[in-house]
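Undergrad: What follows is a single structure, and I will ask about it in a moment.
The values are calculated or read from the model by the stated rules, or taken from the named source; none is laboratory data. Here the structure is a predicted model, which means the values were calculated and not measured. Reconstructed Cβ throughout: ideal geometry from the backbone, glycine too, with neighbour counts over all protein chains shown. Side chains included, ligands, DNA and RNA excluded: accessible areas come from the protein's heavy atoms. Shrake-Rupley method; radii C 1.70, N 1.55, O 1.52, S 1.80 Å.
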Amino acid sequence: MAPPNPNAQRYSPTMMWDSIPLFQFGDMQEIIQNFVRVHVDAPGMEEGAPVFPLGYQYPSLDQLADMIPCILQYLNFSTIIGVGVGAGAYILSRYALTHPDTVEGLVLINIDPNAKGWMDWAAHKLTGLTSSIPEMILGHLFSQEELSGNSELIQKYRNIITHAPNLENIELYWNSYNNRRDLNLERGGAVTLKCPVMLVVGDQAPHEDAVVECNSKLDPTQTSFLKMADSGGQPQLTQPGKLTEAFKYFLQGMGYMASSCMTRLSRSRTASLTSAASIDGNRSRSRTLSQSSESGTLPSGPPGHTMEVSC
């Protein structure tokens, strides 16, 4: 956990996170200097983790979500804002469904809230017969166009995964993710995320359809949908500047960082949004951002706390 900055205007206590490069991005420092950050790894995913013994039963994603209250209790945090990627996004969503009073907001990147269907399961098994675990994971993280291009980023991650000393643990985690349950989200139903949510996906990401479907199941007055152009499967890696700006506005919409400076582009966008709001004051607070048409500020909301988690 990063030590607090005594010179910063610190907000409510928590930001939980794993090793997302996004939070090492220069422009992100304006955000993270105001929050306590906590890095959370799934079991066996931490640096230097020993390989689990043969036959080890890896926790399900539901069980991983059930571990979060223990972390918060240990750290004496009452509420959080969570940021999750992939499996981490699912885990945070599962936690938010069972502990809504402790989650003030969620940023979910590449979330797939659905369990694998029979066709997906069969395709996964067939792929497993012809592809190695590293290649299957890369196919999950990046688009086929990115993999075909074999960029420096792809080569880097292929090397990291292929030579990971805890590859056996990663495989267990991978299998746990592929055996996830359906979140059963329903717009207007009893099972839904009750906090402000920002959904993020690349415009050609493998998870695009799943994130679009997730957006259709959430409250439009509480949900922002950010589809990022030219970002591929991992927008937090390929477009950190744009995502950082969107994250800042998400926090501002929750009542944080009101004095934070805005870019010229965003000021212009904000003026347009303000004019539109003055024409129809009763318009729904549905918040949809499209990075291809620039990001905008989010409406103000009640203040919240911050937790971030990604996997």
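Undergrad: Which residue pairs have Cβ atoms under 9 Å apart, sit 6 or more places apart or on different chains, and have a first residue in region 179-193 that is on the phi > 0 side of the Ramachandran plot and a second that is part of a loop (DSSP other than H, G, I, E, B) and surrounded by fewer than 13 Cβ atoms within 10 Å (Cβ to Cβ)?
TA: Short answer, once both residue conditions are applied: Asn184/Val191.
Undergrad: Applying the selection to region 148-189, what residues are assigned to a helix (DSSP H, G or I) and polar (S, T, N, Q)? Break it down stepwise before answering.
TA: The initial filter retains those residues of region 148-189 that are assigned to a helix (DSSP H, G or I), namely 148-149, 152-162, 167-178.
Within region 148-189, Ser148, Gln155, Asn159, Thr162, Asn169, Asn175, Ser176, Asn178 meet the criteria.
Undergrad: When the residues of region 146-199 are filtered to those that are touching a strand residue (DSSP E or B) at 6+ places or on another chain (Cβ under 9 Å) and open to solvent by 20 Å² or more (accessible area, probe 1.4 Å), which remaining residue is nearest to Leu226 (Cα to Cα)? Walk me through how you get there before you give the answer.
TA: Filtering region 146-199 down to residues touching a strand residue (DSSP E or B) at 6+ places or on another chain (Cβ under 9 Å) leaves 193-199.
Remaining after also requiring open to solvent by 20 Å² or more (accessible area, probe 1.4 Å): 194, 196.
Numbers: Lys194: 19, Pro196: 14 Å.
Only one residue fits best here, namely Pro196.
Undergrad: Let me ask another. Is it the case that Ile137 is open to solvent by less than 40 Å² (accessible area, probe 1.4 Å) and under 23 Å from Pro21 (Cα atoms)?
TA: So Ile137 passes the test.
Undergrad: What are the residues in region 219-244 that are open to solvent by less than 30 Å² (accessible area, probe 1.4 Å), of a type outside the set (Ser, Thr, Tyr) and under 14 Å from Val85 (Cβ atoms), if any?
TA: Leu226, Met228, Gly232, Gly233, Gln234, Pro235, Gln236, Pro240, Leu243
Undergrad: I've got another one for you. Tell me the helices (runs of 4 or more DSSP H) entirely within region 1-114 that contain at least 2 residues that are closer than 20 Å to Asn175 by Cα and at pLDDT 90 or above.
TA: Once the helices (runs of 4 or more DSSP H) in region 1-114 are filtered for at least 2 residues that are closer than 20 Å to Asn175 by Cα and at pLDDT 90 or above, what remains is 61-66, 87-98.
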